[in-house]
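The values are calculated or read from the model by the stated rules, or taken from the named source; none is laboratory data. Only a predicted model underlies this, so the values are computations on that prediction, with no experimental measurement involved. So basically every Cβ, Gly included, is an ideal-geometry build from the backbone, and we count neighbours across all protein chains shown. These accessible areas exclude ligands, DNA and RNA; they are computed on the full protein's heavy atoms, side chains included. Shrake-Rupley method; radii C 1.70, N 1.55, O 1.52, S 1.80 Å.
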Amino acid sequence: AQKVTQVQTEISVVEKEDVTLDCVYETRDTTYYLFWYKQPPSGELVFLIRRNSFDEQNEISGRYSWNFQKSTSSFNFTITASQVVDSAVYFCALSDYGGATNKLIFGTGTLLAVQP
Amino acid sequence: EAEVAQSPRYKITEKSQAVAFWCDPISGHATLYWYRQILGQGPELLVQFQDESVVDDSQLPKDRFSAERLKGVDSTLKIQPAELGDSAMYLCASSPIGQINYEQYFGPGTRLTVT
């Protein structure tokens, strides 16, 4: 069965600190997709990134970077020089490839609080 | 920028009453999803539509929940009768057709409280 685990339920940092959010996944599929979403207090989920299982290159987008390691089934997310606006719940999600559905399996989320 | 619209944003209802939520996906998005998010948890898929057809409703409690997307555009999710355990955020998402595992765009959600 597919499963996503985010062991960090809450993280609190001071502005400008770097922070890494951990994500570990389980799947029997050899081809799959991984996602990160941000959920601010307003409630809607904001898409951040999608990676497929063939591409293990790390990715950087501004202050955000992602480290995908198939060997450890992890897809970790780092925010560099955190800002108060980064405060939100962050979800990691997994989807199989080419199935009849594109169902996303979400982790339980990590609440990030960035203090000024 | 196109967005997924949902209404109402908040709903308070009494146990055993009927309640309905509406979702209008991004124009041209053929795939529509309804997720339920219980406080402190990640969203869980309730039902997925491809145009007007149901692709996956395996997690939909069919004794009390129903969903429709009659013309393949907007969608309604209904609960009848509501139970205390249905209190949650109901999120609608859409994604374009033909893009396997394309990102899903989420609406603002409807927060349901059952008293």
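So the values come out like this:
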item	result
Single condition B:E103 does not satisfy, out of (1) within 11 Å of chain A (Cβ to nearest Cβ); (2) surrounded by fewer than 14 Cβ atoms within 10 Å (Cβ to Cβ); (3) charged (D, E, K, R); (4) without any contact (Cβ under 8 Å) to a residue 24 or more places away in the chain	(2)
Close pairs from region B:1-24: first at positive phi, partner open to solvent by less than 60 Å² (accessible area, probe 1.4 Å), Cβ under 8 Å, at least 6 apart	B:S16/B:P81; B:S16/B:A82
Any strands (runs of 3 or more DSSP E) falling wholly within region B:1-112 and containing at least 2 residues that are among the polar types (S, T, N, Q)	B:5-7, B:31-37, B:44-50, B:75-79, B:88-95
Only one of B:E52, B:E68 that is in contact with a Leu (Cβ under 9 Å, 6 or more places away or on another chain), modelled with pLDDT of 95 or more and either open to solvent by 10 Å² or more (accessible area, probe 1.4 Å) or at positive phi (or both)	B:E68
Failed item, numbered, when A:S61 is tested on (1) in contact with a Cys (Cβ under 9 Å, 6 or more places away or on another chain); (2) over 26 Å from B:Q48 (Cα atoms)	(1)
Selected residue (criterion: nearest to B:I38 (Cα to Cα)) from residues of region A:7-36 that are within 11 Å of chain B (Cβ to nearest Cβ), aromatic (F, W, Y) and touching a residue at least 60 places away in the same chain (Cβ under 8 Å)	A:F35
Enumeration of residues in region A:63-97 that are open to solvent by 50 Å² or more (accessible area, probe 1.4 Å), farther than 25 Å from A:V13 by Cα and in contact with a Ser or Thr (Cβ under 8 Å, 6 or more places away or on another chain)	A:K70, A:Y97
Unique match (being open to solvent by 70 Å² or more (accessible area, probe 1.4 Å) and either aromatic (F, W, Y) or part of a strand (DSSP E or B) (or both)) among A:I60, A:I49, A:I11	A:I60
Residue satisfying condition, being modelled with pLDDT under 95 and more than 14 Å from chain A (Cβ to nearest Cβ), within set B:V114, B:V73	B:V73
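Every residue, every condition in (1) within 14 Å of chain B (Cβ to nearest Cβ); (2) more than 15 Å from the chain's Cα centre (by Cα), yes or no:
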residue	(1), (2)
A:S42	yes, yes
A:T80	no, no
A:Y90	yes, no
A:S95	yes, no
